[in-house]
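The values are calculated or read from the model by the stated rules, or taken from the named source; none is laboratory data. Just so you know, these numbers come straight off a predicted model, no measurement behind them. Please note: Cβ atoms are built from the backbone with ideal geometry, for glycine as well, and neighbour counts cover all protein chains shown.
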Amino acid sequence: MSFRKNFVIGLMLFALFLGAGNIIFPPLLGQMAGDQLFIAMAGFLITGVGLPLLAVLAIANAGEGGLQSIASRVHPLFGVFFTMVIYMAIGPFFGIPRTATVSYEIGVVPFLTDGLVDANWTLPLFTVLFFTLTVILALNPAKLVDRIGKVLTPILFVVIGALAVKSILTPMGKLGESHGEYMDSPFFRSFVEGYLTMDVIAALVFGIVVINALRDEGVTQRGPILKAMTIAGLIAAGGLAIVYISLSYIGATSVEVIGIQPNGGAVLARASTVLYGTSGTAILAATIIFACLTTSIGLVSACAQYFKQLFPNRSYKMFVFLFAGFSALVSNVGLTQLISFSLPVLMMVYPLAIVLMLMSFIDKLFGREPIVYILALLATAFVSIFDGLLVAEIDVKPVTSILAHLPLYEQNIGWLVPAIVGALIGVVISFFTRKRNS
């Protein structure tokens, strides 16, 4: 396949990744990192860009089965169950509805009068319009490359570039001082923040969209698919890195003018007004809405394509309408309730997804023995499940007080060492099992 087609598919993958959370987080990181910005961004790019890129490569290496193919190395039933949980969690239960609620709160509410903001019909009306457009653009997966890669992504680049270029040409101020944990350990603090973006799950889900897009272009063999997805992943990773660095620079140079803000959305809102006056609010709104729309299209399409494979007697279009309609209903629950309900689930399954993804690169070393996967995942799950319960504000202190002694537990990766130990025990067991059988 030509580099031009690879490039467009890479742009599509970049736009699918770049949701509102990815845009809002870097400015706050920039404010907190201050003059330690470059060290902080080095840590963030490793986990916020590097891990998702590895996840894309893992899906490419797994071939047509994608995430389910990798998870089935534990057990076929686990493969189906775990993959469904991942798709539903980042899809209609959380990820897709959040694209609409964030678009509404940041891209629409600033333009409404107080009466309309408090009205009970404005959010439902917006979600209907938002998901109607999502359905129209997602109904034909063969057109996703053209609609997102060739149209929506360039628009997204333009609106983000308008903020980034202006901040470089006429910076709001100098790099501020670092704050909090960024004063003493900017690299490791941002390293953990990049891990918490949870883009690894998004990469595992979007892999099926990219693979099917390549098949529509006539790329069907495993070798060319792996090569094309590697190129697309590198392009998407490069785009994410540019956006993250640009937006964090906006945050780092804004403190002198707008002060420390409570969240990245407030940083961008005030910074865009300083840079472009009243039109800055419109630029920010366009940035958020286009970013959320591309992510919504990608998630709806990915979920529909997976469940179409799972239930081949049902149509792709039926699943598109089903997931978009369900997401429209869930989005009206409100963003705060949505996060409180879904974040514990994501905290439970995200480490499992990372361990699966990393082990898929090295499982030939232990003959893909299921026992190695099983013990590594059991050890990971023991930590991640209690982490999720803790986020859900369920009292599990007797257990978490013990888990707190694990290395890196305070950095939210306390599952890492148990996963390694579990895998090593599995390798030993499989070795003696094969020896005994032989």
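Among the residues of segment 290-302, none qualifies, meaning not one is in contact with a Gly (Cβ under 7 Å, 6 or more places away or on another chain) and surrounded by fewer than 22 Cβ atoms within 10 Å (Cβ to Cβ).
With a requirement of 1 or more residues that are farther than 30 Å from Arg222 by Cα and either touching a helix residue (DSSP H, G or I) at 6+ places or on another chain (Cβ under 8 Å) or assigned by TED's automatic domain parsing to the domain that holds Val210 (or both), the helices (runs of 4 or more DSSP H) lying completely within segment 1-48 that satisfy it span 20-33, 37-45.
For segment 197-213, state whether one or more residues are surrounded by fewer than 16 Cβ atoms within 10 Å (Cβ to Cβ) and either in a helix (DSSP H, G or I) or in contact (Cβ under 8 Å) with a residue 40 or more places away in the chain (or both). No - not one qualifying residue is present in segment 197-213. Of the residues Ala302, Ala282, Ala353, the single one that is at pLDDT below 90, out of contact with any Ser or Thr (no Cβ under 8 Å at 6 or more places or on another chain) and assigned to a helix (DSSP H, G or I) is Ala282. Annotation note: Cβ proximity below 9 Å between a residue of segment 414-438 that is touching a residue at least 40 places away in the same chain (Cβ under 8 Å) and within 17 Å of Leu358 (Cβ to Cβ) and a residue that is in a helix (DSSP H, G or I) and of a type in the set (D, E, K, R) (sequence gap 6+ or interchain) occurs for Trp415/Asp387. From the list Ile201, Ile155, the one residue that fits, being in the same structural domain as Leu54 (by TED's automatic domain parsing) and closer than 19 Å to Val300 by Cα, is Ile201.
Scanning segment 1-17 for residues that are in contact with a Leu (Cβ under 8 Å, 6 or more places away or on another chain) and modelled with pLDDT under 85 yields a single hit, Met1. Residues that are touching a helix residue (DSSP H, G or I) at 6+ places or on another chain (Cβ under 9 Å), over 30 Å from Ala232 (Cα atoms), at pLDDT 90 or above and assigned to a helix (DSSP H, G or I) occur at least once in segment 127-144.
For (1) surrounded by fewer than 23 Cβ atoms within 10 Å (Cβ to Cβ); (2) of a type in the set (A, V, I, L, M), each residue gets a yes or a no:
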site: Gly233; (1), (2): no, no
site: Gly239; (1), (2): yes, no
site: Leu247; (1), (2): no, yes
site: Glu256; (1), (2): yes, no
